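Since the structure comes first, as structure tokens, the remarks are kept for the end.
The values are calculated or read from the model by the stated rules, or taken from the named source; none is laboratory data. As the structure is a computational prediction, the values presented were derived from the model and not from experiment. With ideal geometry, Cβ positions are generated from the backbone for all residues, glycine too; neighbour counts draw on all protein chains shown.
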Amino acid sequence: MGQIETDCSNTLLLSGNEAIARGAWEAGVRLGSGYPGTPSSEILPALKELGAVYCEWSVNEKVALEVAAGASIAGARALVTMKHVGVNVAADPLFTLSYTGVEGGIVIISADDPSMHSSQNEQDNRNYARAAKVPMLEPADSQEARDFTMRGFEISEQFDVPVLVRPVTRVCHSDGLVEVGERQEVELRGEMEKQPEKFVMVPGHARRRRVVMAERTRRLIEFAEQTDLNREEAGDGEIGIIAAGVAYQYAREAFPRASFLKLGLVWPLPPERIRRFAESVERLYVVEELDPFLTTEILAMGVEVEEVGAGFRIGELTPDRVRQMIAGETPPDTESDEDLPPRPPTLCPGCPHRSPFVALRKLKAFVTGDIGCYTLGTLPPLQALHTCLCMGAGINEAHGIQKIRGHEAPVVAVIGDSTFTHSGITGLANIAYNAGVSTVVILDNRTTAMTGGQVHPGVGETLSGMPGRELDFVKLSRAIGIEDVRVVDPYDMAATEQALREAMDNPEPSVVIVRRACVLQARERRPAPELDLEKCIHCGQCIRIGCPALSDASGEGEKTLPQIDRALCTGCTMCVQVCPVDALVVPEAEEGDA
């Protein structure tokens, strides 16, 4: 966040996420809420760093949007941040907020992730704008990320509607020069009025607000026809391209002489403007990533668009892929990584999640998983996680499996501490209420590790720096109705395995809390083990825990010969504990060692 500065009227080098934060700050936002998720995670910390704004990591995206709705009712502008799948969680309030409208402006960041760099799906959230009937802006670079965020608040208040802004990974994480200005101190929008006909969506009120929505959409289309958020760029007229966001950047590079209709407002679209542009060019193409969202809308207007291969609807575009698309070529099945060395993702050296996966593999458990670092437990050599659907799903999947298979099925749900507070509590309550028998393992590494180490209710710290009450997982589990609750240190592998075995054998529901701080957060490092070659039987047990600090130096086809990378090793001793012949030895601490 070093690029964020509060001195004004200058140009800064900002990532798209930092530029969004800057735009919200300059727009006079008073509240920022969200849940961390790549590629959106850096926005709220950057906004907090700028000052003058209350910022919080809410327990999930639904809560974040509802907090922002409250701030809006209070008359303040509010920013809500999440990644694309987070909008699924927030969809319940989003669709009805479109009915109620706003007081202070609300901008919702939906950071989409084409090519799934850090996501479990590749959904196109432009569809949410159309379905919820809310306007969506799509920035193409850091400058537009700042500008469109600011414009989003103006549109929100002008049209009485929340506004979606959709940056994608390449915009969120790319740096660009951004002209910035001063913060507007926006006054609260009058006194808080009691307006049940606007904010209480009982059917009678909602029916009237539905008519208001239809009229608002008509006015938004008129706005789309005139706004400078959409712009025409004249070219030679042979090829015309309609594009938005980062796809515009790729198309501009690939076809610098083409004519462009560059859309900043991607819903609703301006029909007459599109028709006029289509008439001005010989051939019209729509260049867009993922779904044929713009294409479908434009075809429905009766405008002819050149067809492109269906293969271009998968994954990110590049200038080369745009050239292939317009040339009518078939895209390759996969992107070529021939020149890149393999870099399989893996749990960090000393990661506390490794120990329970080693134990669950040994116990032959069927493990229903969740979203987090621990999802990597599915990869070789651990291969000890067997489902991953969405945030919180693992607990509910385990319950469903055991309602069919009974307690004899060795099913265990694993979930991280932040994910448990996000959407795991309700699943655990459901197990208790519906006489379930599942074992739930809470992998408590005291942070939201996968998205960069953000705080959450389980650690008792808040993003804003205010003291928070730490959520006690033991008391919570027992209050829900789980009597068998255990806490273990994953660095004690025997105790971890014993706790899991006993919990799985219990005919009642159980919770095992595996607690040790993330090794990156704790920065804990102890001496690396030493290998006694005379004792080593080359069995490979130490290699099979999947630690990046351990490798096989024997060569293919020979007996395993462990090799320890002392630069990576954190001294967690898991390899020492799994060695059946004590060939790995922890060196004695020298005088003065911690």
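When the criteria are applied in full, Val211 meets the requirement of being modelled with pLDDT of 95 or more and assigned by TED's automatic domain parsing to the domain that holds Arg126.
Number of residues in the stretch 567-588 that are assigned to a loop (DSSP other than H, G, I, E, B) and within 15 Å of Pro527 (Cβ to Cβ) equals 10.
Residues in the stretch 482-498 that are over 31 Å from the mean Cα position of the chain (by Cα) and loosely packed, with under 15 Cβ neighbours inside 10 Å: Glu483, Ala494, Gln498.
Taking Ala224, is it of a type in the set (A, V, I, L, M, F, W, C), under 22 Å from Thr295 (Cα atoms), part of a loop (DSSP other than H, G, I, E, B) and at pLDDT 95 or above? It is false that Ala224 is of a type in the set (A, V, I, L, M, F, W, C), under 22 Å from Thr295 (Cα atoms), part of a loop (DSSP other than H, G, I, E, B) and at pLDDT 95 or above.
Of the residues examined, Thr421 is not one that is among the hydroxyl-bearing types (Ser, Thr, Tyr), outside any loop (DSSP other than H, G, I, E, B), closer than 23 Å to Gly86 by Cα and without any contact (Cβ under 8 Å) to a residue 40 or more places away in the chain. Restrict the check to the stretch 177-187 and report whether at least one residue is surrounded by 17 or more Cβ atoms within 10 Å (Cβ to Cβ), under 21 Å from Glu103 (Cα atoms) and not aliphatic (A, V, I, L, M). Scanning the stretch 177-187 turns up at least one residue that is surrounded by 17 or more Cβ atoms within 10 Å (Cβ to Cβ), under 21 Å from Glu103 (Cα atoms) and not aliphatic (A, V, I, L, M).
Can you say whether Tyr433 is closer than 30 Å to Glu49 by Cβ, among the aromatic types (Phe, Trp, Tyr) and in contact (Cβ under 8 Å) with a residue 12 or more places away in the chain, as far as the supplied structure shows? No: the conditions fail for Tyr433.
Selection of first residues in the stretch 111-129 that are closer than 13 Å to Thr38 by Cβ and of second residues that are of a type in the set (S, T, N, Q) and in a helix (DSSP H, G or I), restricted to Cβ pairs under 6 Å at least 6 apart or on distinct chains, gives the following pairs, ordered by first then second residue: Asp113/Thr169; His117/Thr169. Enumerate the pairs (first residue in the stretch 382-397 and touching a residue at least 12 places away in the same chain (Cβ under 8 Å); second residue anywhere and charged (D, E, K, R) and crowded, with 23+ Cβ neighbours inside 10 Å) with beta-carbon separation below 6 Å, excluding pairs fewer than 6 apart on the same chain, so at least 6 apart or on different chains. Matching pairs, first to second residue: Gly394/Asp370.
Scanning the stretch 339-353 for any residue that is closer than 26 Å to Glu508 by Cα and either touching a strand residue (DSSP E or B) at 6+ places or on another chain (Cβ under 7 Å) or in the same structural domain as Val487 (by TED's automatic domain parsing) (or both) turns up at least one such residue.
Being among the basic types (Lys, Arg), outside the structural domain of Leu568 (by TED's automatic domain parsing), closer than 21 Å to Leu360 by Cα and over 25 Å from the mean Cα position of the chain (by Cα) is not true of Arg515. Of all residues in the stretch 428-458, those being over 18 Å from Pro490 (Cα atoms) and of a type in the set (A, V, I, L, M, F, W, C) number 8. State the number of residues belonging to the stretch 33-80 that are part of a helix (DSSP H, G or I) and more than 12 Å from Ile106 (Cα to Cα). Residues in the stretch 33-80 being part of a helix (DSSP H, G or I) and more than 12 Å from Ile106 (Cα to Cα): 11 in total.
Within the stretch 298-323, restricting attention to residues that are aliphatic (A, V, I, L, M) and exposed (fewer than 12 other Cβ atoms within 10 Å of the Cβ), the residue that is farthest from Ser280 (Cα to Cα) is Ala310. Residues in the stretch 236-291 that are touching a residue at least 40 places away in the same chain (Cβ under 8 Å) and either of a type in the set (Ser, Thr, Tyr) or within 21 Å of Leu137 (Cα to Cα) (or both): 32 in all. Annotation: of all residues in the stretch 446-467 being more than 23 Å from Cys351 (Cβ to Cβ) and under 24 Å from the mean Cα position of the chain (by Cα), the one that is surrounded by the fewest Cβ atoms within 10 Å (Cβ to Cβ) is Gly465. Residue pairs whose Cβ atoms lie under 9 Å apart, sitting 6 or more positions apart in sequence or on different chains, and linking a residue in the stretch 346-360 that is without any contact (Cβ under 8 Å) to a residue 24 or more places away in the chain and farther than 14 Å from Arg515 by Cβ to a partner that is among the β-branched types (Val, Ile, Thr) and assigned to a helix (DSSP H, G or I), do not occur here. Checking the stated criteria, Leu443 turns out to be out of contact with any Ser or Thr (no Cβ under 8 Å at 6 or more places or on another chain) and crowded, with 22+ Cβ neighbours inside 10 Å. May I ask you to verify whether Arg218 is out of contact with any Gly (no Cβ under 9 Å at 6 or more places or on another chain) and surrounded by fewer than 12 Cβ atoms within 10 Å (Cβ to Cβ)? Yes. Would a scan of the stretch 43-57 turn up a residue that is of a type in the set (Ser, Thr, Tyr) and crowded, with 21+ Cβ neighbours inside 10 Å? For the stretch 43-57, residues of a type in the set (Ser, Thr, Tyr) and crowded, with 21+ Cβ neighbours inside 10 Å: absent. The C-beta contact set for the stretch 167-186 (first residue touching a residue at least 60 places away in the same chain (Cβ under 8 Å), second residue assigned to a loop (DSSP other than H, G, I, E, B) and of a type in the set (Val, Ile, Thr), distance under 9 angstrom, 6+ apart or interchain) comprises Thr169/Thr38; Cys172/Thr38; His173/Thr38; Arg183/Thr6; Val186/Val29.
Total residues in the stretch 256-273 satisfying the condition of being under 36 Å from the mean Cα position of the chain (by Cα) and either in a helix (DSSP H, G or I) or in the same structural domain as Thr149 (by TED's automatic domain parsing) (or both): the figure is 2.
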